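Q: The structure that follows is given in the form of structure tokens.
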Amino acid sequence: MLEIQGVTKKFKQQTAVDGLSLSIPEGEVFALLGPNGAGKTTTLNLILGFEKADQGSILVDGFDVAKDLGEVRKRLAFIPENVQLYPHLSGKENLAYFSQLAGIQYSDEQLKNLLLEAGLQEKAHDSPISTYSKGMRQKVGVAIAYSKKAKLLLLDEPASGLDPLSSAELSQLVRKVAAQGATVLMVSHDLFRVKETADRVGIFKNGELKKIVKASEVTANDLELIYQGIVV
Ligand code: ATP
């Protein structure tokens, strides 16, 4: 579903992503785990087409980000660290707006079902987003992904700022999205959350993918590789 081949991105003297190759099959939850400045967000920005790679290629469902960005974006949903929604509109109105942007008109009942599917309780559907917690905003983000039938869901630091319950709920929701056939790429520096959520983990540092391990098999040595001596 996602095929990254030899991707390099430099900002002046700084190599943010260095020869990244990564293949993520349909239905997998993959986590890029690494410290600040590792190049995780830049990787997402390259997949989204917000940044252009200096070298290499990125294919989403067979479409090349450099050549067919429109087709790529139809297949993508992105939930940034701070989910950007219209604060004065309700969850349902935001969902209606973003699905219309994707060219789909849903009935009120369908919007309600999408929000419920994403775990947002019905009593919140008509309240303004400004009253929502981060976890609730993320659920609207997942509902938007459902509404456009996204094949690839990208999440940037999904668990940061969430309480343990919301964080566990989000992990379950991400697992559900993947079980329904979407592919998920999340970036994080939270090992515990990554272990709870992902199938495989890429250990990322200085723009380089150091190794890929099963989430259940990440060891203290792997962490040492990225955090070098800092007890986590
Ligand atoms: P964090 O966890 O802090 O978000 P990250 O792993 O997401 O870190 P990136 O934000 O991708 O890391 O940054 C990788 C490197 O590229 C850093 O050294 C950063 O300063 C640099 N960088 C990222 N974006 C830009 C930019 N637009 N201009 C210049 N340098 C940039």
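Q: Counting only residues that are charged (D, E, K, R) and over 20 Å from Leu114 (Cβ atoms), which one in the range 148-171 is nearest to the chain's Cα centre (by Cα)?
A: Among those that are charged (D, E, K, R) and over 20 Å from Leu114 (Cβ atoms), it is Asp156.
Q: Return the only residue of Gly62, Gly70, Gly6, Gly56 being without any contact (Cβ under 8 Å) to a residue 60 or more places away in the chain, away from the ligand (no atom under 16 Å from the Cβ) and over 24 Å from Ala198 (Cα atoms).
A: Selected residue: Gly70, the only one of Gly62, Gly70, Gly6, Gly56 that is without any contact (Cβ under 8 Å) to a residue 60 or more places away in the chain, away from the ligand (no atom under 16 Å from the Cβ) and over 24 Å from Ala198 (Cα atoms).
Q: Looking only at residues that are β-branched (Val, Ile, Thr) and crowded, with 17+ Cβ neighbours inside 10 Å in the range 1-14, which one is nearest to Leu76 (Cα to Cα)?
A: If we take residues in the range 1-14 being β-branched (Val, Ile, Thr) and crowded, with 17+ Cβ neighbours inside 10 Å, then Ile4 is nearest to Leu76 (Cα to Cα).
Q: Additional query: Of (1) of a type in the set (A, V, I, L, M); (2) in a helix (DSSP H, G or I); (3) crowded, with 22+ Cβ neighbours inside 10 Å, Leu223 satisfies all except one. Which?
A: All conditions are met except number (3).
Q: Going by what's in this entry, would Leu46 be described as of a type in the set (A, V, I, L, M), modelled with pLDDT of 95 or more, closer than 21 Å to Ala77 by Cβ and within 12 Å of the ligand (Cβ to nearest atom)?
A: Here the answer is yes, as Leu46 does meet what is asked.
Q: Report, by residue number, each residue of the range 91-125 that is surrounded by fewer than 22 Cβ atoms within 10 Å (Cβ to Cβ), touching a residue at least 24 places away in the same chain (Cβ under 8 Å) and more than 22 Å from Gln172 (Cα to Cα).
A: Phe98, Ser99, Ala102, Ile104, Tyr106
Q: So which residues in the range 131-171 are assigned to a helix (DSSP H, G or I), farther than 20 Å from Ala102 by Cα and either touching a strand residue (DSSP E or B) at 6+ places or on another chain (Cβ under 6 Å) or in contact (Cβ under 8 Å) with a residue 40 or more places away in the chain (or both), if there are any at all?
A: Matches in the range 131-171: Lys134, Met136, Glu169.
Q: Say we look at the range 174-212 and pick out the residues that are part of a helix (DSSP H, G or I) and crowded, with 21+ Cβ neighbours inside 10 Å; which of these is nearest to the chain's Cα centre (by Cα)?
A: That would be Val174.
Q: Here is a further query. Of the residues Val184, Val177, Val194, which is touching a strand residue (DSSP E or B) at 6+ places or on another chain (Cβ under 8 Å) and within 14 Å of the ligand (Cβ to nearest atom)?
A: Within the list Val184, Val177, Val194, the selection yields Val194.
Q: For the range 1-111, list the helices (runs of 4 or more DSSP H) that sit wholly inside it and hold at least 1 residues that are over 14 Å from the mean Cα position of the chain (by Cα); which are they?
A: Counting at least 1 such residues, we get 69-75, 91-101.
Q: Take the range 213-228 and flag every residue that is without any contact (Cβ under 8 Å) to a residue 24 or more places away in the chain, among the aliphatic types (A, V, I, L, M) and either within 16 Å of the ligand (Cβ to nearest atom) or touching a strand residue (DSSP E or B) at 6+ places or on another chain (Cβ under 6 Å) (or both).
A: Val213, Leu225
Q: Does Phe63 count as out of contact with any Gly (no Cβ under 7 Å at 6 or more places or on another chain) and modelled with pLDDT under 95?
A: When the stated conditions are applied, Phe63 does not pass them.
Q: Here's a follow-up. Can you tell me how many residues in the range 9-43 are within 8 Å of the ligand (Cβ to nearest atom), more than 23 Å from Asn221 (Cβ to Cβ) and of a type in the set (A, V, I, L, M)?
A: The qualifying residues number 2.
Q: For the range 75-90, check the following and say yes or no: at least one residue is surrounded by 14 or more Cβ atoms within 10 Å (Cβ to Cβ) and over 30 Å from Ile58 (Cα atoms).
A: Scanning the range 75-90, I find at least one residue that is surrounded by 14 or more Cβ atoms within 10 Å (Cβ to Cβ) and over 30 Å from Ile58 (Cα atoms), so the answer is yes.
The values are calculated or read from the model by the stated rules, or taken from the named source; none is laboratory data. Predicted model only: the values in this text are computed from it and were never measured. Cβ coordinates were reconstructed from backbone atoms using ideal geometry, including for glycine residues, and neighbour counts include every protein chain displayed.
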